[in-house]
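Enquirer: Structure below; questions to follow.
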Amino acid sequence: MLVVDLHCHSTFSDGTFSPEALVRRAARRHVSVLGLTDHDTTAGLVRFMAACKKEGIQGIAGVELSAEAPYTLHIMGYRIDSSSRALQGRLERLRENRRKRNALMVERLVSLGLVMSIEEVEAESGGEVVARPHIARVLVKKGFVPDIASAFKRYIGRGGPAYVASSRLSPEECLQAIREAGGVSVLGHPGLMGLDENDLFALLERLKSQGLWGLECISGHHGSGEIYYWMKVASRFGLSPTAGSDFHGVDRPGMDLGVAVTEGLLPWARLGVNI
């Protein structure tokens, strides 16, 4: 068995560990292959890959893009060329959408009597991407809520009084950006989408026709009983299975780096990994 993790986040998006700290934690947990997939940014990849080399871990350069179809889905890109203009242009567009959304959510929170500023939110971020978890941390620090989960439940989660819907890319735009950056694309944690099988299969047909390469079958969001189902789905659509925890750090207790897989389960060569 191997311990791997192709889906985790650093302080360059909404994680709580720096790329170096993330890699050190992975080494302590005997992770042999690690992929960094920060939301909408590749800014942490140089530091991440250097840290992987230092710790003797095989690193995979990745990114996670959010799409709307009309439901939210997440598409990871692996083995990407982070200097790709096509990719970086779309990432900047996503980050600008986030900036506008964050400002609107802070305005709504202030109107509810929760005094805070966008500058305080931005100070919680260690990188280019500022997101709802950073707003949640400010709410906790100011004593408005006891924890991150309560911030989402009471105020900034979908349906909450300060929630603002995201403006995202289409799935096709995400797939094209990853392809133009020389990478392979994977649909992340499909079980979280909550689709019935008809809608799920229609989505996978659509994405496969546009170049989707893989499906995250083993996920920190999937129970052990779900893995076999998602492996069957991947096989049905000719998609390569991948595995990742979606580790973000201390903001999400009960989830940690590393998932165990058999050596021949994942398509290592296509991911640039030697096993």
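Enquirer: So how tilted is helix 197-209 from the main axis of the chain? Cα-based, degrees 0 to 90, rounded to 10.
Expert: Helix 197-209 and the main axis of the chain meet at about 70 degrees.
Enquirer: Return a whole-number percent for the relative contact order of segment 91-156, with Cα pairs under 8 Å and 6 or more residues apart as the contact set.
Expert: 28
Enquirer: Kirkwood hydrodynamic radius, segment 91-156, all distinct C-alpha pairs: what's the number in Å?
Expert: Over segment 91-156, the inverse of the mean reciprocal pair distance is 11.9 Å.
Enquirer: Additional query: Within straight cross-link reach of K142, meaning Cα distance under 28 Å, which lysines are found once same-chain residues fewer than 8 apart are removed?
Expert: K100, K153
Enquirer: Still on this structure: Report relative contact order for segment 1-127 in percent, whole number only (criteria: Cα-Cα under 8 Å, sequence separation at least 6).
Expert: The normalised contact order for segment 1-127 reaches 22 percent.
Enquirer: Non-local amide H neighbours of G62 (under 5 Å, H modeled in plane, Pro and chain starts lacking H): which ones?
Expert: Here L36 satisfy the definition.
Enquirer: What does DSSP give for the chain in terms of the percent of beta bridges that are antiparallel, rounded to the nearest 5?
Expert: Restricted to the chain, the bridges split so that about 45 percent are antiparallel.
Enquirer: Let me ask another. What is the local net charge at G238, summed over the other residues whose Cβ is closer than 15 Å to its Cβ (Lys, Arg +1; Asp, Glu -1)?
Expert: +4
Enquirer: Sticking with this one: When Rg is the radius of gyration of the Cα atoms in the chain and Rh is its Kirkwood radius, what does Rg/Rh come to?
Expert: Reported Rg/Rh, Kirkwood definition of Rh: 0.96.
Enquirer: What does the charge add up to near K153, with Lys and Arg as +1, Asp and Glu as -1, over the other residues with Cβ less than 13 Å from its Cβ?
Expert: Result for the local shell: +2.
Enquirer: Compute the acute angle (0 to 90°) between the alpha-carbon long axis of helix 19-28 and the principal axis of greatest extent of the alpha-carbon atoms of the chain; round to the nearest 10°.
Expert: With both axes taken from Cα atoms, the answer is about 50 degrees.
Enquirer: Below 8 Å, C-alpha to C-alpha, sequence gap of six or more: please give me the relative contact order for the chain in percent.
Expert: Relative contact order here is 24 percent.
Enquirer: Something else: Between helix 171-180 and the chain, what is the angle of the helix's C-alpha long axis to the longest principal axis, kept within 0 to 90° and rounded to the nearest 10?
Expert: 60
Enquirer: Under 14 Å from the Cβ of F201, count the other residues' Cβ atoms, weight Lys and Arg +1, Asp and Glu -1, and hand me the total.
Expert: 0
Enquirer: Once Rh for segment 24-163 is found with the Kirkwood sum over Cα pairs, what is the Stokes-Einstein diffusion coefficient at 25 °C and 0.890 mPa s, in µm²/s?
Expert: It comes out at roughly 146 µm²/s.
Enquirer: Taking every DSSP beta bridge that has both residues in segment 1-145, what percent is antiparallel when rounded to the nearest 5?
Expert: Bridges in segment 1-145 that DSSP calls antiparallel: roughly 45 percent.
Enquirer: What's the exposure ranking of Y78, Y229, Y163, going from fewest to most Cβ atoms within 10 Å?
Expert: Least to most surrounded, the residues fall as Y229, Y163, Y78.
Enquirer: Sort segment 180-251 into rounded, prolate or oblate with this rule: let a ≥ b ≥ c be the square roots of the eigenvalues of the Cα gyration tensor; rounded if a/c is under 1.5, and if a/c is not under 1.5, prolate when a/b is larger than b/c, oblate otherwise.
Expert: oblate
All of the numbers you see were taken from the coordinates with simple rules; none came from a lab. Only a predicted model underlies this, so the values are computations on that prediction, with no experimental measurement involved. Cβ: placed from backbone, ideal geometry, glycine included. Neighbour counts: every protein chain shown.
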